[in-house]
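Data first, discussion second: the structure below is written as structure tokens.
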Amino acid sequence: MTPLPPLDFRSDTVTQPDEAMRLAMSRAEVADDVLDHDPTMRLLEDRVAELLGVEAALWVPTGSMGNLIALTVHLRPGDRFLAPRGAHVLDSELGTAAFIAGGMPHPLECDAGPGRASPDAVRAAAGVPGPYYNLRTTLLCLENTHNSAGGSVTQPDEHALLVSAARETGLRVHLDGARLWNAAVALGLPPAALAVGVDTVQVCLSKGLGAPVGSVVAGSALFVAEARRVRKMLGGGVRQGGVLAAAGLVGLDRVDDLAQDHANAKALAKGLAELGWQVDEPETNIVLAGVPDLDVTLAGLRHLGVHAGPMSGRVRFVTHRDVGADDVVEALRRIGSAS
Ligand SMILES: *Cc1c(COP(=O)(O)O)cnc(C)c1O
């Protein structure tokens, strides 16, 4: 028997740059970005700053570096920062928030819903300034959509209340918006509506938007000037980066396509539920399913050529531009015929 062609639902990072994207990359106008600020990088950064409603933006190779740069600029060694439990900055960046940015992590319980802490939880954790020998809490990190909670969306009114709670208690705010595009599309709002009031925000170009490389970290012009220094310290200053930024620009033209990924995730969740799986209704492009034995299920899926991954003890399926509606139908057919 020939093996079934693989359907890759492990992540929205697995997308291949298509011909149009490769063409744009090959034709990009470039210059040494460390010395002269590459023109295509500049175009991308200006466009993202405008989309996010902030003064300035900086291209970075990865979302992890974007978050790390923001935390490094915001935190002094020993400062405590807050983030909802399961946040990427807490669990998925190998401790760099602590050992490079110098932060002391404090997870907030998600008392407002999946991946979402309440404004009261922020106030309680921030505390009030004490004498000089007290631990100092100085930063709130938000994540929209929240990856490990299954791509859950924070609404703009709830976001605003969280930002106010942070401000009242003297905290700065960083938003990990790796999938902010997905949140914006799910709500039918411009991305800027979900970044109101934050000091800094990080967005990925290499997830659902399909670029092979790249993220952007954004905020005030003052922040970006400092961020540019920290990026260089971390080895993230690149030379003719326009070839990479060009891919990001093509990705930005495709934000609306994410609606198809969301529809595909809904169809996948519905089909799995009909087959008796325990699934959460997805808000965006991530489907989490609870199973009795994670390893056995993942191996079984792999055998069917349906590739998924583990997340928070559950199976995670991510839809993206390289798995279409017909692939979802095919995945469900394979899973259904094996059960
Ligand atoms: C993917 C992701 C990142 C980091 O992106 P990389 O480019 O893989 O470093 C940060 N935050 C969240 C929520 C993510 O999903």
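Here is how the numbers come out for the structure above:
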{"quantity": "Criterion violated by Thr297 - all others in (1) more than 30 Å from Pro191 (Cα to Cα); (2) open to solvent by 10 Å² or more (accessible area, probe 1.4 Å); (3) in contact (Cβ under 8 Å) with a residue 60 or more places away in the chain satisfied", "calculated": "(3)"}
{"quantity": "In region 91-119, the residues that are under 19 Å from Arg136 (Cα atoms) and either open to solvent by 40 Å² or more (accessible area, probe 1.4 Å) or modelled with pLDDT under 95 (or both)", "calculated": "Ala98, Phe99, Ile100, Met104, Pro105, His106, Pro107"}
{"quantity": "Region 183-216 - residue that is near the ligand (Cβ under 10 Å from one of its atoms) and open to solvent by 10 Å² or more (accessible area, probe 1.4 Å) and, of those, farthest from Leu51 (Cα to Cα)", "calculated": "Val213"}
{"quantity": "Some residue of region 12-21 being buried (at least 20 other Cβ atoms within 10 Å of the Cβ) and either more than 16 Å from the ligand (Cβ to nearest atom) or more than 17 Å from the chain's Cα centre (by Cα) (or both)", "calculated": "yes"}
{"quantity": "Ser152 being under 21 Å from Ile286 (Cβ atoms) and either touching a residue at least 40 places away in the same chain (Cβ under 8 Å) or in the same structural domain as Gly235 (by TED's automatic domain parsing) (or both)", "calculated": "yes"}
{"quantity": "One residue from Ala149, Ala83, Ala97 being within 19 Å of the chain's Cα centre (by Cα), within 15 Å of the ligand (Cβ to nearest atom) and in a loop (DSSP other than H, G, I, E, B)", "calculated": "Ala149"}
{"quantity": "Test result for Leu162, outside any helix (DSSP H, G or I) and over 21 Å from Gly63 (Cα atoms)", "calculated": "no"}
{"quantity": "Qualifying positions in region 219-262 - part of a helix (DSSP H, G or I), in contact (Cβ under 8 Å) with a residue 60 or more places away in the chain and either farther than 24 Å from Ala192 by Cβ or touching a Phe, Trp or Tyr at 6+ places or on another chain (Cβ under 8 Å) (or both)", "calculated": "Val230, Lys232, Gly242, Val243, Leu244, Ala245, Gly248, Val255, Leu258"}
{"quantity": "Check on Thr96, in contact with a Gly (Cβ under 8 Å, 6 or more places away or on another chain) and of a type in the set (S, T, N, Q)", "calculated": "no"}
{"quantity": "Qualifying residue in region 124-131 (condition: among the β-branched types (Val, Ile, Thr), in a loop (DSSP other than H, G, I, E, B) and open to solvent by 20 Å² or more (accessible area, probe 1.4 Å))", "calculated": "yes"}
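The values are calculated or read from the model by the stated rules, or taken from the named source; none is laboratory data. As the structure is a computational prediction, the values presented were derived from the model and not from experiment. We place every Cβ from the backbone using ideal geometry, glycine too, and count neighbours over all the protein chains shown. Areas reflect the complete protein model, heavy atoms only, side chains present, ligands, DNA and RNA absent. Shrake-Rupley method; radii C 1.70, N 1.55, O 1.52, S 1.80 Å.
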